[in-house]
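The values are calculated or read from the model by the stated rules, or taken from the named source; none is laboratory data. Since this is a predicted model, take the numbers as computed values, not measurements. Cβ sites come from the backbone with ideal geometry, for glycine too, and all protein chains shown count toward neighbours. We work out accessible area using only protein heavy atoms, side chains counted, and drop any ligands, DNA or RNA first. Shrake-Rupley method; radii C 1.70, N 1.55, O 1.52, S 1.80 Å.
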Amino acid sequence: ARGVLAHYWSLAVEEHFYLLWPLLVWLLSRRWTAILAMLAFAGSVAARALALHRGMDTDYVFGLTPLRMDGLAIGALAAILIRSHDARRLSRLAALALTGTVAFLCILFWMRGTADQSDPAIWIAGYPLVSAATAAALVWCCAGGRFARLLSARPLRWFGKYSYGLYVWHPIVGMLLLHSRLSLVPPGAGPGLVIVIILFVFVLDLLVAWVSYQLWEKRFLKLKRHFPAQGQPGEMEWKMPALLPATGP
């Protein structure tokens, strides 16, 4: 995808994962699924490092599914851990993992002097650390507690409900109103006017995401009632907090 649809590359990567991973989960035991996820993580990071070292076009490195599997693999491992271990013990480990990954990220940014994605170190180490921190935070939340209540705050849940629409639409709205012939920013505009225009575009993004949810996403989410979740013995000890409304994505 190019132009205002360039960000759809990540949706393509996700769809590749969704098409393949459920089949592997169905065919393999939980142990082998975890091993496969760890291999996918290690292989993706190694392949990305090799591709950068060999001078591959960064657009391909950034968007090819085999080179971006590490984040999805970490998420798969988190899901397996949640279904296989005691909630309280795992939540304590998740809290430590979150603290450690955030600390390593800060050290990485400090040592490199940047958090820009053009830095190869960010591609190789930064992306996996961000994925690990996110997974650790989700695992920690699944056992409840103060952190889960914090992330279950009503404003965060509201933004979470429309976050997918925001992701899909915000580059399109932003490109049209800030970087095209329809741009709202006049030549020579001062910082104050630019800030006001950006805030207006953000509010418009929210409005478009809300409309998209009401007219499009909600119709598909209602189909969930035809696919009720079925847990396995030993999984009920986990209490997923209401991080998103029941009708959310």
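Worth pointing out:
- Overall, the anisotropy analysis places segment 33-103 in the prolate class: the square-rooted eigenvalues a ≥ b ≥ c of its C-alpha gyration tensor yield a/c not less than 1.5, with a/b exceeding b/c.
- Gaussian network model of the chain, springs between alpha carbon atoms under 10 Å - residue of 227, 109, 62 with greatest fluctuation: 227
- At full extension, residue 85 and residue 46 could sit 11.2 nm farther apart than now, given 0.36 nm per residue minus the alpha carbon distance.
- Using the Cβ-Cβ distance between residue 23 and residue 195 with R0 set to 30 Å, the FRET efficiency from 1/(1 + (r/R0)^6) comes to roughly 0.05.
- Each Cα pair under 8 Å and six or more residues apart adds its sequence gap; the mean of these over the residue count of the chain is a relative contact order of 21 percent.
- Computed on segment 83-169, with alpha-carbon pairs under 8 angstrom and 6+ residues apart, the relative contact order is 36 percent.
- For segment 126-206, average projected area of the Cα convex hull in nm²: 7.6 nm²
- Label zone (residue 53, point 7 Å along Cα-to-C-beta; backbone nitrogen cut-off 17 Å) within segment 112-134: 120-126.
- Karplus-derived 3J(HN,Hα), 6.51/-1.76/1.60, for each residue of segment 220-226, Hz, glycine and proline x: 7, 5, 5, 6, 4, 4, 7
- Using a Förster distance of 45 Å, the FRET efficiency for residue 183-residue 35 (Cβ separation, nearest 0.05): 0.30
- Accessible area per residue in Å² at 1.4 Å probe, computed on the chain: 66 Å²
- Carbon + sulfur, % of accessible area of segment 157-233 - ligands and nucleic acids excluded, 1.4 Å: 73 percent
- Principal-axis tilt of helix 163-178 within the chain, Cα atoms, nearest 10 degrees: 20 degrees
- Kirkwood-based shape ratio for segment 60-193, expressed as Rg/Rh from alpha carbons: 1.06
- Cα gyration tensor shape for segment 68-137, rounded if a/c is under 1.5, else prolate or oblate: oblate
- Comparing 144, 190, 113 in a Gaussian network model of the chain (Cα springs below 10 Å), the most mobile by mean-square fluctuation is 190.
- On segment 1-54, 71 percent of the accessible area sits on carbon and sulfur atoms, based on a 1.4 Å probe.
- Structure-derived percent of Cα pairs over 27 Å apart: which label, when the choices are (1) 29; (2) 32; (3) 50: (3)
- The overall shape of segment 1-145, judged from the alpha-carbon gyration tensor, is oblate: a/c is not under 1.5, and a/b is no greater than b/c.
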